[in-house]
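Here the structure is laid out as structure tokens; the discussion comes afterwards.
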Amino acid sequence: GASSTPAQSGETVGRCAGTGAGADIWCAGGQHDGASGPAYLSNSAVAGTSVTARVDNVDNTNAWAKAGVVLRNSLTGSGSSPGYAIVVVTPSNGVSFQWDSNGDGYLDQLTSTATSVKAPVWVRLTRTATQVSGYYSTDGSTFTQIGSAVTLPSMAATQDAGVIHTAHSTTVGSATFSNLRIVTSPFKAYCSLPAAVRP
């Protein structure tokens with residue numbers, strides 16, 4: 001990803017943190033922003049994969065600061081790579097499922113929960129063929145779907161998966177994550193923190 005302030009990520013005892021500043025990760029109303037700090041495992045998501053993490057905290061640098069899970073053909077292709085979807089928690093706008101509906105490499109559609117849903121919260125993306133669904137959970141066991149499944153144009157057979165953060169501000173902010181799991185059902189848990197997380 002790209003950030004107007006260099007993003008940093010780190011991990012300790014099954015937790016990871018991302019710190020950085022950046023305009024946003026959104027493209028609508030004239031915006032074309034792709035400033036984020038992802039930590040991910042390359043080529044870890046295929047049809048039948050789910051990526052889940054607990055967002056322990058996201059700093060309130062902006063009401064739309066975002067921290068959560070991500071799927072994308074290539075997370076190094078900020079502003080160009082399609083197959084892009086996230087489920088993120090925000091300080092003031094609930095949990096938001098966002099996706100690239102036209103394959104141009106920018107998030108441009110969203111559906112969100114009530115604004116009362118805040119970190120700590122579990123977030124999940126699941127992939128079935130070329131469709132992706134978003135979920136959240138307040139207890140880590142019962143997950144609620146956010147909106148409906150969506151089709152992502154130009155979705156690759158194998159994608160990057162992990163966690164993502166944007167401060168939506170020139171002010172540096174942080175997010176902390178735990179319990180990251182990338183699972184390809186029904187075969188195996190592909191990875192889990194701490195081994196799978198890397199900048």
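The values are calculated or read from the model by the stated rules, or taken from the named source; none is laboratory data. Please read these numbers as outputs of a predicted model, since none were measured by experiment. Here the Cβ is made from the backbone with ideal geometry for all residues, glycine too, and neighbour counts use every protein chain on show. Each accessible area value is taken on the protein alone, full model and side chains, heavy atoms only, with ligands, DNA and RNA left out. Shrake-Rupley method; radii C 1.70, N 1.55, O 1.52, S 1.80 Å.
For residue 171 and residue 57, a Förster radius of 22 Å and the Cβ-Cβ distance give a FRET efficiency of 0.90, rounded to the nearest 0.05.
Where does each of 133-139, 114-120 land if you order them by average Cβ count within 10 Å, highest first? Present the calculation step by step, with values, prior to reporting the outcome.
On the way: 133-139: 18.9, 114-120: 14.3.
Packing order, densest peptide first, comes out as 133-139, 114-120.
Inter-label distance, residue 131 to residue 46: 2.1 nm, where each label sits 7 Å from its Cα along the C-beta direction.
Tell me whether region 73-114 comes out rounded, prolate or oblate; compute the Cα gyration tensor, take square roots of the eigenvalues as a ≥ b ≥ c, and use a/c under 1.5 as the rounded threshold. Prolate is the answer for region 73-114, as a/c is 1.5 or above and a/b outweighs b/c. With a Förster radius of 25 Å applied to the C-beta separation of residue 139 and residue 76, the computed FRET efficiency comes to 0.15.
For region 42-90, rounded, prolate or oblate, judged on the Cα gyration tensor with a ≥ b ≥ c (square roots of eigenvalues), a/c < 1.5 rounded, else prolate if a/b > b/c?
Oblate is the answer for region 42-90, as a/c is 1.5 or above yet b/c matches or exceeds a/b.
If R0 is 35 Å, the Cβ-Cβ spacing of residue 111 and residue 157 corresponds to a FRET efficiency of close to 0.85. Over region 45-105, accessible surface divided per residue gives 24 Å², non-protein components excluded, 1.4 Å probe.
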